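Right, one structure below, let's go through it.
The values are calculated or read from the model by the stated rules, or taken from the named source; none is laboratory data. Nothing here was measured: the structure is a model prediction, and the numbers come from that model. Here the Cβ is made from the backbone with ideal geometry for all residues, glycine too, and neighbour counts use every protein chain on show.
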Amino acid sequence: MSAPAASTLFINRELSLLEFNKRVLEQAADTRVPLLERLKFLCISCSNLDEFFEIRVAGLKQMTKIGVTSVGPDGTTPTELLAQVLDVAHRLVADQYRMLNEVMIPALDAENIRFVRRTHWTPEQDAWLRQYFENELLPVLSPIGLDPAHPFPRIMNKSLNFIVSLSGRDAFGRNIGYAIVQAPRALPRLIRLPKSVAGPNDFVFLSSVIHAYVDQLFLGMEANGCYQFRVTRNSDLLVDEAEAEDLLEALEDELEQRQWGDTVRLEVAHNCPDHLTQYLAEELSLGAADIFRCNGPVNLMRLMAIPDLVDRPDLKDLPFTPRIPKALSGDLFAAMRERDHLLQHPYDSFAPVLELLRQAAKDPNVLAIKQTLYRTGAKSPVAEALVQAARAGKEVTVVVELRARFDEADNISLAEALQDVGAHVVYGVVGYKTHAKMMLIVRREEGGLKHYAHLGTGNYHPKTARMYTDYGLMTADPAICKDVHNVFLQLTSLGRVPKLTQLLQSPFTLAAGIRDKIANEAANAAKGRRGRIVAKMNSLVEPETIQALYAASNAGVQIDLIVRGMCSLRPGVPGLSENIRVRSTIGRFLEHPRAFWFHNGGDDEVWLSSADWMERNLFRRVEVAFPLRDKALRERVMEQLDAYVADTAQSWLMQADGSYRHADTSPETVGIQQRLLEEITGTPAPVAPSPAEPVLLLKSKARRKTPKAA
């Protein structure tokens with residue numbers, strides 16, 4: 001019997017990622033979600049697609065260009081996959097603008113939040129906007145007429161630009177034909193009209209204003225057409241770490257070039273004439289499949305400013321105050337000596353983590369602080385606490401991962417600030433991103449030195465701790481703290497360390513450890529005992545781990561996977577994965593923790609981790625997975641995983657072909673995130689909106705005809 005084809009075993013990861021973006025987009029159609037939050041989901045889908053082109057499509061184009069013909073786990077070549085990806089992306093972009101024009105704009109208009117089109121400006125509005133153009137825009141715009149002395153300009157990544165068709169002769173008696181106008185990034189993309197000429201929440205797009213008065217940039221000539229466009233470029237940094245003498249300097253040099261990478265996509269106004277669109281594509285070395293026509297702003301992320309500009313609490317999520325557990329409101333070292341504590345963000349506040357650092361910085365008995373930092377934000381209170389600790393004479397060692405994509409500049413500034421106060425800063429290991437989330441504090445106490453650790457599934461970033469769901473363990477468990485110490489020792493000395501007794505670590509033991517636990521469930525099921533796995537993560541694409549799950553399913557193990565984004569496993573296939581169910585939870589908060597529950601013959605194990613089940617996490621990063629040794633904490637996470645599996649309101653069920661269907665669209669159903677908010681913080685569930693509001697019927701080929709909320 002021949003082995004099954006790769007395409008029947010695995011779903012392509014890039015296509016799976018686009019499926020995730022569809023689920024994000026369809027949140028914008030969910031009438032249970034407050035209107036301005038729905039607008040955010042539309043914007044997020046645009047932002048996600050930008051990054052997809054900057055990194056994933058850019059990589060496929062590079063492979064195609066140099067003739068790579070090797071196939072991925074699903075059996076697809078780069079050339080085949082690029083064509084499939086662009087086809088799906090075109091349909092997704094069409095859905096985004098259909099959502100904007102047929103759902104969001106009418107719904108916002110019904111709430112007196114309006115984007116006033118040029119064709120609908122009153123004489124008073126026209127006069128105000130003309131003056132705004134002359135005073136605020138005209139002085140900073142630099143139109144570029146195209147001729148041999150003024151060739152087609154370099155177009156910055158994701159910047160707003162206009163191609164203008166001109167007639168008449170310029171100041172030198174020539175007919176130049178075309179011009180390019182680039183909108184500086186300092187200009188606001190949305191302009192609020194004053195109450196003297198409009199309603200309180202009436203806005204005009206910058207592109208509309210430039211379009212309306214573009215003639216003033218070309219005196220003596222006539223602008224026959226003005227069309228916005230945007231270019232997406234390859235934004236992946238290429239640094240040869242093995243050759244770089246100083247990784248920080250090498251990254252700084254590369255960051256300067258990020259805005260000018262190879263072009264991968266052209267977005268252009270839907271009404272731009274074909275000859276102008278073709279001219280742009282030729283100048284940018286792009287083909288027909290790379291052109292995306294947009295019936296609206298070429299960057300929907302411009303709309304992300306609206307929820308902050310509009311004072312309508314009734315159209316937003318109810319605010320909540322994260323809980324600070326009573327046990328963690330005083331002396332944190334005493335609390336951690338007493339027992340382990342598990343924080344669950346955003347329901348639990350990130351404040352205890354910051355307070356632990358601050359107490360350590362001030363405590364004369366604290367000798368050393370060690371921490372990994374991956375994404376912390378531009379102005380980080382975590383970094384401030386570490387600076388204060390270094391100034392107070394503590395031995396501060398920080399592993400800063402400079403290569404955290406799109407956070408490189410912030411991390412470089414952070415590293416330099418820490419070095420300036422005498423902290424020991426290392427950049428991880430060449431060839432291996434340090435993605436583990438760890439903090440270790442060494443304190444002198446009666447009887448000797450005592451270690452305290454924090455291990456998390458998410459970044460040390462207070463802002464994202466309000467938006468992402470994550471776990472954080474605060475522990476003084478000697479065995480766990482010893483392992484954390486040894487991992488830090490390895491990261492700084494690069495030497496071999498004693499075998500870890502509690503933690504699993506990539507690239508060494510994590511992949512094998514996870515597969516061993518899956519195999520253990522399969523062995524138990526084969527003996528007629530109960531086999532059970534519940535695993536929650538962002539992505540599942542690593543082939544050998546997927547094969548291990550297939551084998552466990554065939555042995556009779558009941559497997560529930562909660563995978564937010566990419567999933568290459570095919571669930572529910574007879575003879576392959578009929579005992580595997582995959583769901584994706586989409587909601588107010590970004591589901592981010594990695595939590596793995598193995599029944600283990602009745603002696604349940606729960607592991608938390610910074611690592612997804614992906615090749616990069618398991619083999620090309622420094623990651624850790626840590627067990628919950630405290631029974632109460634273990635049972636708490638098990639109960640929550642069961643609740644996620646039972647949830648229907650925010651769950652999308654994956655089908656064997658890689659598509660998803662929503663589990664429940666009832667407006668009365670309360671989702672798992674809201675139930676956790678009520679349970680932990682006491683925030684009440686919002687009142688369900690009227691079902692009379694129309695919902696967009698998304699019309700892509702592979703989509704069901706009823707609207708599905710995420």
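Matching residues to (1) basic (K, R); (2) in a helix (DSSP H, G or I); (3) in contact with an Asp or Glu (Cβ under 8 Å, 6 or more places away or on another chain); (4) free of Cβ contacts under 8 Å to residues at least 12 places away in the same chain:
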{"site": "V268", "(1), (2), (3), (4)": "no, no, no, no"}
{"site": "V298", "(1), (2), (3), (4)": "no, no, yes, no"}
{"site": "L303", "(1), (2), (3), (4)": "no, yes, no, no"}
{"site": "A327", "(1), (2), (3), (4)": "no, yes, yes, no"}
{"site": "F333", "(1), (2), (3), (4)": "no, yes, yes, no"}
{"site": "A361", "(1), (2), (3), (4)": "no, yes, no, no"}
{"site": "A368", "(1), (2), (3), (4)": "no, no, yes, no"}
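Checking the condition among the β-branched types (V, I, T), over 25 Å from D274 (Cβ atoms), modelled with pLDDT of 95 or more and buried (at least 18 other Cβ atoms within 10 Å of the Cβ), which residue from I191, I163 passes?
I191
State whether the residues of the range 115-125 include one that is over 23 Å from D311 (Cβ atoms), touching a residue at least 24 places away in the same chain (Cβ under 8 Å) and of a type in the set (S, T, N, Q).
Yes, the range 115-125 contains at least one residue that is over 23 Å from D311 (Cβ atoms), touching a residue at least 24 places away in the same chain (Cβ under 8 Å) and of a type in the set (S, T, N, Q).
Rundown of residues vs (1) within 17 Å of G456 (Cα to Cα); (2) not in a helix (DSSP H, G or I), yes/no style:
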{"residue": "M474", "(1), (2)": "yes, yes"}
{"residue": "C481", "(1), (2)": "yes, no"}
{"residue": "V487", "(1), (2)": "yes, no"}
{"residue": "Q490", "(1), (2)": "no, no"}
{"residue": "K499", "(1), (2)": "no, yes"}
{"residue": "Q502", "(1), (2)": "yes, yes"}
{"residue": "F508", "(1), (2)": "no, yes"}
{"residue": "A512", "(1), (2)": "no, no"}
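Taking the conditions exactly as written (under 23 Å from K433 (Cα atoms), modelled with pLDDT of 95 or more and either touching a Phe, Trp or Tyr at 6+ places or on another chain (Cβ under 7 Å) or part of a loop (DSSP other than H, G, I, E, B) (or both)), does L608 satisfy them or not? Break it down into steps so the answer makes sense when it comes.
Working: under 23 Å from K433 (Cα atoms): yes; modelled with pLDDT of 95 or more: yes; either touching a Phe, Trp or Tyr at 6+ places or on another chain (Cβ under 7 Å) or part of a loop (DSSP other than H, G, I, E, B) (or both): yes.
For L608, the condition - under 23 Å from K433 (Cα atoms), modelled with pLDDT of 95 or more and either touching a Phe, Trp or Tyr at 6+ places or on another chain (Cβ under 7 Å) or part of a loop (DSSP other than H, G, I, E, B) (or both) - is met.
(1) assigned to a helix (DSSP H, G or I); (2) surrounded by fewer than 22 Cβ atoms within 10 Å (Cβ to Cβ): which one isn't true of F20, the others all being true?
(2)
Before we move on, is L25 in contact with a Lys or Arg (Cβ under 6 Å, 6 or more places away or on another chain) and touching a residue at least 24 places away in the same chain (Cβ under 8 Å)?
Details: in contact with a Lys or Arg (Cβ under 6 Å, 6 or more places away or on another chain): no; touching a residue at least 24 places away in the same chain (Cβ under 8 Å): yes.
Considered against the rule, which asks whether it is in contact with a Lys or Arg (Cβ under 6 Å, 6 or more places away or on another chain) and touching a residue at least 24 places away in the same chain (Cβ under 8 Å), L25 comes out as no.
Just one of the numbered conditions (1) in contact with an Asp or Glu (Cβ under 7 Å, 6 or more places away or on another chain); (2) outside the structural domain of A385 (by TED's automatic domain parsing) is not true of F320; which one?
F320 satisfies every listed condition except (1).
Mind checking which residues of the range 95-114 are among the hydrophobic types (A, V, I, L, M, F, W, C) and free of Cβ contacts under 8 Å to residues at least 24 places away in the same chain?
At the first step, the residues of the range 95-114 found to be among the hydrophobic types (A, V, I, L, M, F, W, C) are 99-100, 103-105, 107-108, 110, 113.
I105, A110 - these are the residues of the range 95-114 that are among the hydrophobic types (A, V, I, L, M, F, W, C) and free of Cβ contacts under 8 Å to residues at least 24 places away in the same chain.
Every residue, every condition in (1) in contact (Cβ under 8 Å) with a residue 60 or more places away in the chain; (2) under 20 Å from the mean Cα position of the chain (by Cα), yes or no:
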{"residue": "N538", "(1), (2)": "yes, yes"}
{"residue": "P543", "(1), (2)": "yes, no"}
{"residue": "S553", "(1), (2)": "no, no"}
{"residue": "P571", "(1), (2)": "yes, no"}
{"residue": "I580", "(1), (2)": "no, no"}
{"residue": "D603", "(1), (2)": "no, no"}
{"residue": "N617", "(1), (2)": "yes, yes"}
{"residue": "L641", "(1), (2)": "yes, no"}
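Identify, by number, the condition in (1) part of a helix (DSSP H, G or I); (2) surrounded by 12 or more Cβ atoms within 10 Å (Cβ to Cβ); (3) not basic (K, R) that V197 doesn't meet.
Going through the list (1) part of a helix (DSSP H, G or I); (2) surrounded by 12 or more Cβ atoms within 10 Å (Cβ to Cβ); (3) not basic (K, R), V197 breaks only (1).
I'd like the residue in the range 313-336 that is surrounded by 15 or more Cβ atoms within 10 Å (Cβ to Cβ) and among the basic types (K, R) and, out of all such residues, is nearest to the chain's Cα centre (by Cα).
K316
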